[in-house]
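The values are calculated or read from the model by the stated rules, or taken from the named source; none is laboratory data. The structure displayed is predicted, hence computed values, not measured ones. Note that each Cβ is placed from the backbone with ideal geometry, even for glycine, and that neighbours are counted across all protein chains shown. Accessible surface areas use protein heavy atoms only, side chains included; no ligands, DNA or RNA. Shrake-Rupley method; radii C 1.70, N 1.55, O 1.52, S 1.80 Å.
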There are 2 protein chains.
Amino acid sequence: MYVDTKQRLDTADAISDSGFAPRTVGRYHGTRAPRHVDDTAWTDYLAAARTRIERFDSHEVLFHEDDTADHLYEVASGSIMLYRLLADGRRQVVDILSAGDLFGMSVTGVYDCSAETLVPSDVRVLDKREIERSADLQNHVNRCLMGRIEALHSHAVLLGRKSAAERVASFLMRFVPNRGMIGCTGPKAAGGDDKVVVLRMTRQEIADYLGLTIETVSRVLSDLKRRGIISIEKNDRIRLPDVCRVCRLTGIH
Amino acid sequence: MYVDTKQRLDTADAISDSGFAPRTVGRYHGTRAPRHVDDTAWTDYLAAARTRIERFDSHEVLFHEDDTADHLYEVASGSIMLYRLLADGRRQVVDILSAGDLFGMSVTGVYDCSAETLVPSDVRVLDKREIERSADLQNHVNRCLMGRIEALHSHAVLLGRKSAAERVASFLMRFVPNRGMIGCTGPKAAGGDDKVVVLRMTRQEIADYLGLTIETVSRVLSDLKRRGIISIEKNDRIRLPDVCRVCRLTGIH
DNA sequence: CGTAAACTTGACGGCTCTCAAATATGGTGG
DNA sequence: CCACCATATTTGAGAGCCGTCAAGTTTACG
């Protein structure tokens, strides 16, 4: 029988190499080296609290799994991935956050996953005790948490029940607002139904998010290209000439 | 090639049959038929709000995906599963809740998944507007939501990166408190390290939770039995003669 | 222009799914 | 209490999707 399956690295080496993150060694440009930016431009809900904004480069780690959780974060711009690692190096990206999303909440006092920027990002940082002071802020946090839960439910369906092709199609649809979900506007009556999506993620990150390997992600994309469903303008710029067609491949309908 | 993969039902029939829930037809003893029980015995946090407790039988549906979300629920006793369905009948159980857990929160105003009892359960029901009234209650809701998010993160790792054997082992460890997670007490010094777990779920429900098929779940359990790692006393009563041994199969260590 | 990293492609194997049948379990009525 | 039936579970055989390993090829960047 085979002992530990899926997406593991050539264990001992890579682990001792960087301490984590299989096959991604070298993309970690040092951790926690933000430049202080400013204290203005607060959002509505966070206006009452004392906050600061920190700017991070691409692929910087904000915190690691098991670090003590003393801060709460809000994505001001850019995008952040949350991931967990198994002891043998398998990685699962559990969530991808964009502007307005909160993260860093913890019941245990310790972060349950690591947070890393996918692109240069501005992140608002506040002390976690701040939220207890304002009812409005608590309410806002609440709504954000519910939103994350719904996203995680969708992701569980994707990981548990969708084929590789369906996962990739669902992933592409993430970048098309108001399509493929409730309240889908459908293809615009006049004109075509095409859309260019910019992934801003490596194949490894996509694979780790979708519970696949980079080879499978690559093969599915090549297949979609061959069938004329997408065209790859740049590695992370993908044109969907017919959004509806992609949507029908997600497994949702 | 096979068209739509994984865990689908013999489509047209079963769908038109009950409207949902593949292979589970007949376990739905009618929906929304709770008996009113009492209004006392409130928990600390919900004491301030006007609530009622409803009692449900095993496998009753509390609400369906897409129902308008006007209530908030708390499990008082028993256990509830939340699941989503794909159009072709594939089901994914996204969460399993027990006493103290909240559910039914929604940002969209519509439930994002269905809720069904696994065993006879008491459920506290409150109007969702109630939570906005009390800061303490909001804080409590917050903590519950964070707990769900951490559980969903774990589940994403399981669904995305674990083998069938690891999933089943992880599932069994759910029923052993304070083991296999942070703060694991380890095997008690004196005496053995055995434990009897009562699943109170069908193989289909376990499979739909773990992102597997019923047959795979069964095969893994048979294999664990053959290797002496578990013994099956009844279909849903499983003895773990060596908890640590099961824990080492979860893929976490 | 040269090197390293990222990505693609191919060959192959295996874990898990599908389909099918046998066995066990649980509830019901005689 | 026991035969009988429907349902749940187990087991078997075979297939296929996707992972692994190992090249190529392209891209990125100094």
Quiz prompt | Subset tally (residues that are away from every other protein chain (no Cβ under 11 Å) and either surrounded by fewer than 18 Cβ atoms within 10 Å (Cβ to Cβ) or farther than 13 Å from B:Arg167 by Cβ (or both)) for region B:217-226 | solution = 5
Practice problem: Scan (1) more than 12 Å from DNA strand D (Cβ to nearest atom); (2) away from every other protein chain (no Cβ under 14 Å); (3) farther than 29 Å from A:Gly89 by Cα for the single condition A:Lys234 breaks and write down its number. | Solution: (1)
Quiz item: So which of B:Glu116, B:Glu132 ends up being modelled with pLDDT of 95 or more and not assigned by TED's automatic domain parsing to the domain that holds B:Ile230?
Solution: B:Glu116
Exercise. From the list B:Gly100, B:Gly104, B:Gly147, pick out the single residue that is buried (at least 20 other Cβ atoms within 10 Å of the Cβ), modelled with pLDDT of 95 or more and not assigned by TED's automatic domain parsing to the domain that holds B:Phe175.
Key: B:Gly104
Self-check item: Failed criterion for A:Thr185 (all others in (1) open to solvent by 20 Å² or more (accessible area, probe 1.4 Å); (2) in contact with a strand residue (DSSP E or B) (Cβ under 7 Å, 6 or more places away or on another chain) hold)
Solution: (2)
Practice problem: Output the residues belonging to region A:111-132 that are open to solvent by 10 Å² or more (accessible area, probe 1.4 Å), under 23 Å from B:Val107 (Cβ atoms) and touching a residue at least 60 places away in the same chain (Cβ under 8 Å). | Solution: A:Glu130, A:Ile131
Exercise. Check off (1) open to solvent by 60 Å² or more (accessible area, probe 1.4 Å); (2) closer than 20 Å to B:Ile80 by Cβ; (3) more than 14 Å from every other protein chain (Cβ to nearest Cβ) for B:Leu199 and give me the number that stays unchecked.
Key: (1)
Practice problem: Look at region A:227-242 and say how many of its residues are touching a residue at least 24 places away in the same chain (Cβ under 8 Å), away from DNA strand C (no atom under 11 Å from the Cβ) and either open to solvent by less than 40 Å² (accessible area, probe 1.4 Å) or touching a helix residue (DSSP H, G or I) at 6+ places or on another chain (Cβ under 8 Å) (or both). | Solution: 1
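Of the residues that sit in region B:64-94 and are of a type in the set (S, T, N, Q) and either within 9 Å of another protein chain (Cβ to nearest Cβ) or in contact (Cβ under 8 Å) with a residue 60 or more places away in the chain (or both), which one is farthest from B:Leu126 (Cα to Cα)?
Step one: filter region B:64-94 for residues of a type in the set (S, T, N, Q), giving B:68, B:77, B:79, B:92.
If we keep only those that are either within 9 Å of another protein chain (Cβ to nearest Cβ) or in contact (Cβ under 8 Å) with a residue 60 or more places away in the chain (or both) as well, we get B:79, B:92.
Details: B:Ser79: 18, B:Gln92: 27 Å.
Filtering first and then ranking leaves B:Gln92.
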Quiz item: Of the numbered conditions (1) surrounded by fewer than 23 Cβ atoms within 10 Å (Cβ to Cβ); (2) in the same structural domain as B:Arg219 (by TED's automatic domain parsing), B:Ala169 satisfies every one except a single condition; which is it?
Solution: (1)
Quiz item: A:Ser163 is checked against (1) touching a residue at least 24 places away in the same chain (Cβ under 8 Å); (2) facing chain B (nearest Cβ under 9 Å); (3) more than 12 Å from DNA strand D (Cβ to nearest atom); (4) surrounded by fewer than 20 Cβ atoms within 10 Å (Cβ to Cβ) and fails just one. What number does that condition carry?
Solution: (3)
Practice problem: Please give the strands (runs of 3 or more DSSP E) falling wholly within region A:36-86 in which 2 or more residues are under 20 Å from the mean Cα position of the chain (by Cα), within 29 Å of B:His155 (Cβ to Cβ) and at pLDDT 95 or above. | Solution: A:61-63, A:71-77, A:79-85
Quiz item: Do the conditions hold for B:Leu210, that is, is it more than 8 Å from DNA strand D (Cβ to nearest atom), within 14 Å of chain A (Cβ to nearest Cβ) and within 30 Å of B:Ser121 (Cα to Cα)?
Solution: yes
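Determine, yes or no, whether A:Leu158 is more than 10 Å from chain B (Cβ to nearest Cβ), within 16 Å of DNA strand D (Cβ to nearest atom) and not in a strand (DSSP E or B).
Against the criterion (more than 10 Å from chain B (Cβ to nearest Cβ), within 16 Å of DNA strand D (Cβ to nearest atom) and not in a strand (DSSP E or B)), A:Leu158 does not qualify.
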